[in-house]
Amino acid sequence: MPKSSRVPNFFRRIALTGWPKSPYFTFSSSYAVVRRWLLSQLYARHKSVLSVGCGSGELERELVKLGRKVTGLDICFEMLQVARRRGVKQVVLGDALHLPFKSSSFDLVMFPEAIGYFELDEVLPGVARVLKPRGNLLITAYPPNFPADKNYRNRSVAELTRGLENAGFRIADRQLLIANRRRVTEAAAESRCQIIYLLAARRAGQA
């Protein structure tokens, strides 16, 4: 989900043809087991959820089924059309750098494999603004050794942690994951993982 002036055409092609027929891939769109794992990490208080870079809405559909109030944000209109057909009724065409929501609107903001399309110091202040005081930020990201598309910036755990802390968050949970169609397991080292999972919380007293 890059800036609006740089929406790659492949996002639109994926929306029109579907992930299985595209040369691109995300774990949360392709692996049901990853979606179930992510849902298992949520807290009961995560009732209102903003998914940034929701894409075609596979993960968000599962959240809706669980009774969560889900808003999907994406910069690709065609992706949002697909998400709506999947049952994600609240979708917003917009840029994560200018979140069109009131302050303290969400219990959880998610970046499902989307944080690499942004500079952390540009996107995280807006996330902090729209989170409720006890809100959380959930990120899944690709580590430095993982092959991603040319628009995506891979980051290490240390770089992500530093960016989050600089933006006023503290890390509540951190896991290094390996996933396939059957299961999600923890990796022994960052160099061997496929997904970095981070759950962050707003620091006490953060405006």
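Considered as a group, the residues in segment 127-148 that are open to solvent by 30 Å² or more (accessible area, probe 1.4 Å), part of a loop (DSSP other than H, G, I, E, B) and of a type outside the set (A, V, I, L, M) include one that is modelled with the highest pLDDT, and that residue is Pro144. When Phe10 is tested against (1) closer than 27 Å to Val184 by Cα; (2) modelled with pLDDT under 95, exactly one condition is not met: (1). The criterion of at least 2 residues that are touching a residue at least 12 places away in the same chain (Cβ under 8 Å) and touching a Phe, Trp or Tyr at 6+ places or on another chain (Cβ under 6 Å) is met by the following strands (runs of 3 or more DSSP E) wholly inside segment 21-124: 48-52.
Please verify whether Asp107 is surrounded by 15 or more Cβ atoms within 10 Å (Cβ to Cβ), out of contact with any helix residue (DSSP H, G or I) (no Cβ under 6 Å at 6 or more places or on another chain) and among the acidic types (Asp, Glu), treating the condition exactly as stated. Yes: the conditions hold for Asp107.
Selection of first residues in segment 151-176 that are of a type in the set (Val, Ile, Thr) and of second residues that are open to solvent by 30 Å² or more (accessible area, probe 1.4 Å), restricted to Cβ pairs under 9 Å at least 6 apart or on distinct chains, gives the following pairs, ordered by first then second residue: Val157/Arg174; Val157/Leu176; Val157/Glu190; Thr161/Ile171; Thr161/Arg174; Ile171/Glu165. Tallying residues that are at pLDDT 95 or above and assigned to a loop (DSSP other than H, G, I, E, B) within segment 190-207 yields 2.
Could you please find all residues in segment 57-73 being open to solvent by 10 Å² or more (accessible area, probe 1.4 Å) and either of a type in the set (D, E, K, R) or at pLDDT below 95 (or both)? Of everything in segment 57-73, those that are open to solvent by 10 Å² or more (accessible area, probe 1.4 Å) and either of a type in the set (D, E, K, R) or at pLDDT below 95 (or both) turn out to be Glu58, Arg61, Glu62, Lys65, Arg68, Lys69. State all residues of segment 76-88 that are of a type outside the set (Phe, Trp, Tyr), surrounded by fewer than 23 Cβ atoms within 10 Å (Cβ to Cβ) and touching a Leu at 6+ places or on another chain (Cβ under 7 Å); if no residue qualifies, say none. Passing the criteria: only Glu78.
When Ile195, Ile171 are screened for being surrounded by 13 or more Cβ atoms within 10 Å (Cβ to Cβ), touching a strand residue (DSSP E or B) at 6+ places or on another chain (Cβ under 9 Å) and under 15 Å from Leu38 (Cα atoms), only Ile195 passes. Within segment 153-168, the residues that satisfy the criterion of being surrounded by fewer than 18 Cβ atoms within 10 Å (Cβ to Cβ) and part of a loop (DSSP other than H, G, I, E, B) are Arg153, Asn154, Ser156, Gly168.
The values are calculated or read from the model by the stated rules, or taken from the named source; none is laboratory data. Everything numeric in this text was worked out from a predicted model, so none of it was measured. All Cβ positions, glycine included, derive from the backbone under ideal geometry; neighbour counts span all protein chains shown. The protein model used for the area step is the full one, side chains on, heavy atoms only, and it has no ligands, DNA or RNA in it. Shrake-Rupley method; radii C 1.70, N 1.55, O 1.52, S 1.80 Å.
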